[in-house]
1. What number, in percent, do you get for the relative contact order of the chain if the mean sequence gap of Cα pairs under 8 Å and at least 6 apart is divided by its residue count?
2. Among residues other than residue 15 whose Cβ falls under 15 Å from its Cβ, what is the net charge (Lys/Arg +1, Asp/Glu -1)?
3. D for the chain, whole µm²/s, Stokes-Einstein with Kirkwood Rh over alpha-carbon pairs at 37 °C and 0.692 mPa s: what number?
4. What distance in nm separates the simple spin-label points at residue 73 and residue 7, each placed 7 Å from Cα in the Cβ direction?
5. For segment 129-191, what are Rg and Dmax over the alpha carbons, in angstrom?
6. Using a 1.4 angstrom probe on heavy atoms only, work out the carbon and sulfur share of the accessible area of segment 5-119 in %.
7. Roughly how far apart, in whole Å, are the Cα centres of segment 157-205 and segment 7-55?
8. For residue 141, list long-range residues whose amide hydrogen, built 1.01 Å from N in the peptide plane, is under 5 Å from its own amide hydrogen.
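The values are calculated or read from the model by the stated rules, or taken from the named source; none is laboratory data. Note that the structure is predicted; figures quoted are calculated from it, not measured. Every residue, glycine as well, gets a Cβ built from its backbone with ideal geometry; the counts of neighbours run over all protein chains shown. The protein model used for the area step is the full one, side chains on, heavy atoms only, and it has no ligands, DNA or RNA in it. Shrake-Rupley method; radii C 1.70, N 1.55, O 1.52, S 1.80 Å.
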Amino acid sequence: MMCGFSFSRLAQVLRWDVAAGWRTYVTGLCGAALIMFMVFAVSSRYVGGDLVVLTDEANMGDKADFAVSAFVFAVVCGASFAGLGLGDKARRMACFMLPATPLEKFVARCLQFTVLLGILFFAAVAVADALHFVFCLIVGTNGGLHSVFALFAERLAYAVGEPFTRELEPGASNVVFGIYGIGAFVWLQSLMLVGSVFFSRYQLVITTMVLAVGGVVLAYATYPYFRGPIPFAFYEVGAAVLPVLIAADYAVAYRLFRRMQLVGRKWINI
């Protein structure tokens, strides 16, 4: 019986999963690239009787903002696909039979649908940008040729670094505010991960609905306490509590994954 944690076995599991699902990854990349290209190109207008692509500063900013929003959505909601394929008995048996520990299989799936998915989305934006560039060359532009990907990367970097550089009230810490921002993002992702393992089908839809209802109830319950400016103590508590909640979510998701049976229930995996 295998025990401990081996990075070599983890790499082997990753290779097996990627080899088994490469068509899904390629299809997803092409689909995301095509959708983004269509959004980038939809700003085309007839100017003086000629079709041109609007590439002025405002339109390029809108395209980059859409790409950033889509990236955040993909990385957060992509965690809900960590249980993808495990609802099928044959795929679940193949997963169980892999020569690796449950922890290694769990980590492999987490890396695929968080880190690898983020990398694939970057590639999809680059492909969409290349298609948009060619489209601009063919039909012309009103503001010259510009790269959506470059502006996307710039705005994404700004969104990550801005909490650490924002001008705050005296005595407030940018580090605490930045940790809170990143922690809130990762916590939401970890909740999607729990839903992906807990529910055996329609994980993205059901988990999103559960979180939406929970968010509305929480907002309604806490509204009387946050009607004014949010005190910085809230962010300090959040920066301390969120890492604990994230670790708890990952522990719960791993426990559910480890207890998964070959023949599970129709809607949940416990």
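1. After rounding, I find 25 percent.
2. Taking every other residue near residue 15 into account, the sum is +1.
3. Value of D from the Cα-based Kirkwood radius: 155 µm²/s.
4. 3.7 nm
5. Both quantities, over Cα of segment 129-191: 18.1, 55 Å.
6. Carbon and sulfur atoms account for 71 percent of the accessible area of segment 5-119.
7. That distance is 25 Å.
8. 53
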